[in-house]
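Below is one structure; the comments refer to it alone.
The values are calculated or read from the model by the stated rules, or taken from the named source; none is laboratory data. Keep in mind it's a predicted model, so treat the numbers as computed, not measured. No Cβ is skipped: glycine too gets one built from the backbone with ideal geometry, and neighbour counts run over all protein chains shown. Accessible surface areas use protein heavy atoms only, side chains included; no ligands, DNA or RNA. Shrake-Rupley method; radii C 1.70, N 1.55, O 1.52, S 1.80 Å.
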Amino acid sequence: MNRFIMSVNRRSFLKGTAAGVSILAAPAIISHKALASSGELNFMGWAGYPDLPAKAFPAFEKATGIKVNFTEQPDQEAFFAQTKLSMQTAAYDVVEPTVDRVAGYNANGFVQGWDTSKLAMDNYLPGLADGSAGEMATIDGKRMIVPTVWGTEAMVYSTTDAPTEYGKSSLGDLFDDKFVGKVCLRGHSGLAAMGRWLDAQGKLPRSWLDGYKDEAAMRQLWDIALAEAIKHKANVAQWWKGENDAQAAYRTNGAVIGLNWDSTGFNLRNDGFGFIAPKEGAFAWNQGFVLLSNAKNVEQAHAFAKWVSTAEGSAIWATAFSANAVGKGGIELASEDVKKFYKAAYPGDALQKLWWWPIQDAWFVKLRSEYADKFVAA
């Protein structure tokens, strides 16, 4: 939602026929580095994206000579379970979870830090591998995940009924009385929007981020956000959970503004709607590569991550996921339609102000769902 070891054909001996005797040949001179590299990479990634094996892996192999052996998994729980098994079998070298899951991988000893000297950290767009995103990706001073694709949840707006622009658009617009019966929200991110808006105004007793760290803080802050959000529940024209719900809210159910995925904004771009990052910063998610602690093909793994950070690699990878490129210049290789949408959505310092979803432990997710249900049912 980054990117050279050529394979070496070795024979341990040659057979001669002189006097009918097999003659052991002198070994070829091969570096230790080459011996440690097979010319292949064992990668576990997301199922349901046919352009990965059809386009991304062949492009990587053409660029580096490294073949990708790909195993698909449907979700993050399957990633984690198979990674655990790989600690005994060394079946995989690289896995692609989202950044909020990395702490769990590290706590279980599943991953090792990337050698950033073998990558090209300057390839990444500002705000994607540095700043708060970089802090989440780093544990005990080691870079545990490098980004591959990213996306956002930001403001969809009618260009005629709710016109706005970058620097003016705000999460607070979702709760403006002038939009009664005209807003599209989902429960939990709507509450997070209220919390972040209150935080930006200095109206919370502590930072909104504190609520992701311990239960007492979470209850204190989300109680406040819930109470304020319920006061403006009449604004909601439709709740959404998926892409179809979101699009229907605008096309048929009267919504003129809302907080939605960038895919929704893109799909509505020809229906009189725009998509823009709010001044508080767009909600953002990213996924990336982790290097398993017992990876067999470490050099190839670094080549893989480095390639996906290039303009070409990031464009191919992002296109496969219908998400955003992480590498500088990646967007320039996209279609004109995509480039226009991207540049309009994230102008100025919007990338530096992305608000990455924090790590959300099981206790938090459970409570978050309870608060969202209360908001929707109020």
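Descriptive notes on the structure:
- The set of residues in segment 135-152 that are part of a strand (DSSP E or B) and surrounded by 23 or more Cβ atoms within 10 Å (Cβ to Cβ) comprises VAL146, PRO147, THR148, VAL149, TRP150, THR152.
- Segment 185-230 - residue that is surrounded by 15 or more Cβ atoms within 10 Å (Cβ to Cβ) and not in a helix (DSSP H, G or I) and, of those, modelled with the lowest pLDDT: ARG186
- Cβ-Cβ under 7 Å pairs, at least 6 apart or on other chains, segment 198-209 side closer than 18 Å to ALA229 by Cβ and of a type in the set (D, E, K, R), far side open to solvent by less than 60 Å² (accessible area, probe 1.4 Å) and at pLDDT 95 or above: ASP199/SER207; ASP199/TRP208
- If you check LYS296, LYS340, LYS328 for being under 18 Å from the mean Cα position of the chain (by Cα) and open to solvent by 10 Å² or more (accessible area, probe 1.4 Å), only one passes: LYS328.
- Test: residue in segment 61-75 that is open to solvent by less than 50 Å² (accessible area, probe 1.4 Å), part of a helix (DSSP H, G or I) and under 20 Å from GLN300 (Cβ atoms): yes
- Qualifying residue in segment 70-83 (condition: aliphatic (A, V, I, L, M) and more than 22 Å from PHE321 (Cα to Cα)): yes
- Of all residues in segment 258-274 being open to solvent by less than 10 Å² (accessible area, probe 1.4 Å) and among the hydrophobic types (A, V, I, L, M, F, W, C), the one that is nearest to the chain's Cα centre (by Cα): LEU259
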